[in-house]
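The values are calculated or read from the model by the stated rules, or taken from the named source; none is laboratory data. This is a predicted model, so every value here is computed, not measured. As a convention, Cβ positions derive from the backbone with ideal geometry for all residues, glycine included, and neighbour counts pool all protein chains shown. The area values use the complete protein model at the heavy-atom level, side chains included, leaving out ligands, DNA and RNA. Shrake-Rupley method; radii C 1.70, N 1.55, O 1.52, S 1.80 Å.
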Amino acid sequence: QVQLVESGGGLVQAGGSLRLSCAASGRTISNYAMGWFRQAPGKEREFVAAINWSGGYTNYAASAKGRFTISRDNAKNTVYLQMNSLKPEDTAVYSCAAGYSYRSYYSSEYEYWGQGTQVTVSS
């Protein structure tokens, strides 16, 4: 079992930045691809970014490309999402997940999930 806990969310003005963290416990995440997803009120959960087990390969949704950066520190059992140039439409609950392929956009292909952290971007 892998337990995931997200932190770093909050309220930020449009154009600002936030860095989300996802701390894992129970098992090392070095064997897993890790992803970030988000869900806005009234909308389905959507893929944001993913990273392979070593950190050498990443995958981004079109909405995140060029603004967000996913990274990981396996020694700290932690994954990060640096979000820059935030927009009001980025407002959502952001969740991290552990899976088996960084190429996967589908939440059903991720096995372990955190509870999420709220990100609110004001205009």
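Observations, loosely collected:
- If you sort the three axes of the alpha carbon gyration tensor as a ≥ b ≥ c, you get a/c of 1.5 or more for region 4-53 and a/b above b/c, which makes it prolate.
- Mean Cβ count within 10 Å, highest first, over the residues of peptides 93-99, 109-115: 93-99, 109-115
- Extension gain, Lys43 to Asn84, is 12.5 nm, computed as 0.36 nm per intervening residue step minus the present C-alpha separation.
- Net charge of Cβ neighbours under 14 Å - reference Gly66; Lys, Arg +1; Asp, Glu -1: +2
- Solvent-accessible surface of the chain, averaged per residue with a 1.4 angstrom probe and all protein chains in place: 51 square angstrom.
- Taking every C-alpha pair closer than 8 Å and separated by at least 6 residues, the mean separation divided by the residue count of the chain gives a relative contact order of 36 percent.
- By a 1.4 Å probe calculation restricted to protein chains, Thr28 has an accessible surface near 60 Å², given to the nearest 10.
- Share of carbon and sulfur in the accessible heavy-atom surface of the chain [1.4 Å probe, %]: 47 percent
- What you get for the chain, charging only the Cβ of Lys and Arg (+1) and of Asp and Glu (-1), is a dipole of about 200 debye around the Cα centre.
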